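The values are calculated or read from the model by the stated rules, or taken from the named source; none is laboratory data. All of these numbers come straight from a predicted model, not from anything done at the bench. Cβ: placed from backbone, ideal geometry, glycine included. Neighbour counts: every protein chain shown. The area values use the complete protein model at the heavy-atom level, side chains included, leaving out ligands, DNA and RNA. Shrake-Rupley method; radii C 1.70, N 1.55, O 1.52, S 1.80 Å.
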Amino acid sequence: MNRMPSWVRRHVAALRALLVLTVVTGIVYPLAATGVAQALFNGNANGSLVEKDGKTVGSALIGQSFTDAAGNPIRTYFQSRPSAAGDGYDPTSTSAGNLGPEDVVDVLPVPGAKDEEGNPDEGKQSLLTQVCARSKAIGELEGVSGARPYCTPDGVGAVLKVFSDRAVSVNQACPATPFTPAYQGLKVECGRPGEDYAAGKTVPVRGNAGTPAVPSDAVTASASGLDPHISVAYAELQASRVAKERGLDQARVERLIKEHTVGRALGFMGEPAVNVLELNLGLDRS
């Protein structure tokens, strides 16, 4: 070995280090960590799976939708918050919507037009319109007002594009009646699909809606799109509907909400929340 050139000895030493570190960090450590996790935290290590009647029905860590085949809410169950992960709560497509508060103008679908894949043009809803539409739908489901600031009564963003001679309610496609007939002396028109309104000044209109009855987590997705929890306020909003649909006393349903409410992380981070899957399973057991 000593007779080898110095550059060869350096390469042999580097190869030895590579092999040793590969075994230690690539085999020994993963096996040790897996063994400890399986021995001490078996449920968590295997995905915190939740079972019902011997069958796996989900994970306590990943949300899921409680809707029928057509995507309509199943009225006997508490509903989760929206999800932007794939078609909803897809762990392989975890993501947020990547839309911010300035995303307020829709792209209206053009009747008869098709997209690049040959499907009917569906346009593109802004974040504001998504929130407005969800709030309106939840208000109707729960029997409360779905009105929110900056939303029209028909559930789209109350946004004007203002020009020198007119104003356009760009998120209300013709022949819809604009949410306001006039703005600063200008007549307000409905939006015409396919027309370019980029040159106009964007003016969101707050309206006279007060504090929303529908909580914010009911109309917005989490950053991961996988959050299994909803706020206590959203759970309590749904209690009356679930109790009525199941023929249960509402006080009993509210007790179940409290039983499935988890506190703040480490006692001070975040807000108390309710795991929707576990709450719905509690309902089934009751």
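Among the residues that make up the range 89-107, is at least one of them farther than 15 Å from Ala221 by Cβ, in contact with a strand residue (DSSP E or B) (Cβ under 6 Å, 6 or more places away or on another chain), among the β-branched types (Val, Ile, Thr) and part of a loop (DSSP other than H, G, I, E, B)?
yes
In the range 26-47, the residues that are modelled with pLDDT under 75 form no Cβ pair under 8 Å with any partner that is open to solvent by 50 Å² or more (accessible area, probe 1.4 Å) and among the charged types (D, E, K, R), whether six or more places apart or across chains. Annotation: of all residues in the range 236-270 being among the β-branched types (Val, Ile, Thr) and touching a strand residue (DSSP E or B) at 6+ places or on another chain (Cβ under 7 Å), the one that is least open to solvent (accessible area, probe 1.4 Å) is Ile257. Starting from residues that are in contact with a Gly (Cβ under 9 Å, 6 or more places away or on another chain), assigned to a loop (DSSP other than H, G, I, E, B) and at pLDDT below 90, keep the ones in the range 112-125 and report whichever is most open to solvent (accessible area, probe 1.4 Å). Within the range 112-125, the match that is most open to solvent (accessible area, probe 1.4 Å) is Asp121. Between Ala233, Ala273, the distinction of being out of contact with any Phe, Trp or Tyr (no Cβ under 9 Å at 6 or more places or on another chain), open to solvent by 50 Å² or more (accessible area, probe 1.4 Å), under 23 Å from Gly146 (Cβ atoms) and not β-branched (Val, Ile, Thr) belongs to Ala233 only.
Examine the range 279-286 for a residue that is assigned to a loop (DSSP other than H, G, I, E, B), out of contact with any helix residue (DSSP H, G or I) (no Cβ under 9 Å at 6 or more places or on another chain), at pLDDT below 95 and open to solvent by 70 Å² or more (accessible area, probe 1.4 Å), and state whether such a residue exists.
no
Tell me, yes or no, whether the range 176-188 has at least one residue that is on the phi < 0 side of the Ramachandran plot and touching a residue at least 40 places away in the same chain (Cβ under 8 Å). Lay out the reasoning, then the answer.
Taking the range 176-188 and keeping what is on the phi < 0 side of the Ramachandran plot, we get 176-183, 186-188.
Imposing the further condition that a residue be touching a residue at least 40 places away in the same chain (Cβ under 8 Å) reduces the set to none.
The answer is no; no qualifying residue exists.
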